[in-house]
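Undergrad: Following this message is one structure expressed as structure tokens.
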């Protein structure tokens, strides 16, 4: 499934992509399935079994995932016999309708971690030694935004850089996870943009101040469930600025994969459903170029990962 969070008519909802132009409202489609079977408390049961919020949905675990598949089947059934009814009842939403907006798949994760220097070529261009263990830092959860939301270039810096990354999202509580079981804790994968304010990044050894500016964590467009990503270490990754390729790599070049990352960090603390991990960026960042290149107002940043889609965000200046 290609899960998403979308806003329509002023309300945020949990959805699943149907092709490129339509989204199934999973909660409403599941409620329709229950009603069709004669359930008198369909609305309450649907909200319990398939919540309309991504965090609640992930917390509900595998039963909610199974319910989501039933919801998609119900939407397809109604579309097959009465397409207008499916749209009128809100079981399916057209992405082109007025007011529709894609949000980050997990709009407000509890914890956002990122891994630094996790591609050999990026370590080389940045003149860093290869790490012996994952270099973990935090991004602030309020930096997360969805596709199309502008990346705001702050007034305090001229050194705002791009970093296209593969992200994974936790699907169940993870503590002391052995590498051999790590993937079973992953709900799915998405695209992330670890926007980095380079001068502020080195204000502190944790890099936090340059990694968590508002709007500097775009994610999306979808949370692609683990079963649809047979090998996360074989995905092409490209970052384009104004249509020009700046990063062009493949996740097979990751130094530490999901297994090593989860085994390492969960020895220290528990990750919860909906928590997000940015896995690092390959070479081609602006700060390493000669001369350095940084984002400017009017730029469009586009990140592509094979099988996961496209994440695109414009860049604007912060208001004076």
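The values are calculated or read from the model by the stated rules, or taken from the named source; none is laboratory data. Computed from a predicted structure; not experimentally measured. Positions of Cβ are backbone-derived with ideal geometry, glycine not excepted, and every protein chain shown enters the neighbour counts.
Undergrad: Suppose the filter is in contact with a helix residue (DSSP H, G or I) (Cβ under 7 Å, 6 or more places away or on another chain), modelled with pLDDT of 95 or more and over 28 Å from residue 173 (Cα atoms); does residue 34 pass it?
TA: Answer is yes for this residue.
Undergrad: For residue 234, work out the one condition from (1) loosely packed, with under 14 Cβ neighbours inside 10 Å; (2) more than 26 Å from residue 131 (Cα to Cα); (3) in contact with a helix residue (DSSP H, G or I) (Cβ under 9 Å, 6 or more places away or on another chain) it doesn't fulfil.
TA: (2)
Undergrad: Would you confirm whether or not segment 232-255 contains a residue that is in a strand (DSSP E or B) and closer than 16 Å to residue 172 by Cβ?
TA: So far as segment 232-255 goes, no, none of its residues is in a strand (DSSP E or B) and closer than 16 Å to residue 172 by Cβ.
Undergrad: Hey, can you tell me all the residues within segment 291-314 that are in contact (Cβ under 8 Å) with a residue 12 or more places away in the chain and more than 30 Å from residue 233 (Cα to Cα)?
TA: 296, 297, 298
Undergrad: Within segment 114-196, which strands (runs of 3 or more DSSP E) (wholly inside it) include 2 or more residues that are out of contact with any helix residue (DSSP H, G or I) (no Cβ under 9 Å at 6 or more places or on another chain)?
TA: It comes to 151-153, 164-170, 186-193.
Undergrad: Can you spot a residue in segment 286-299 that is surrounded by 20 or more Cβ atoms within 10 Å (Cβ to Cβ) and at positive phi?
TA: No - not one qualifying residue is present in segment 286-299.
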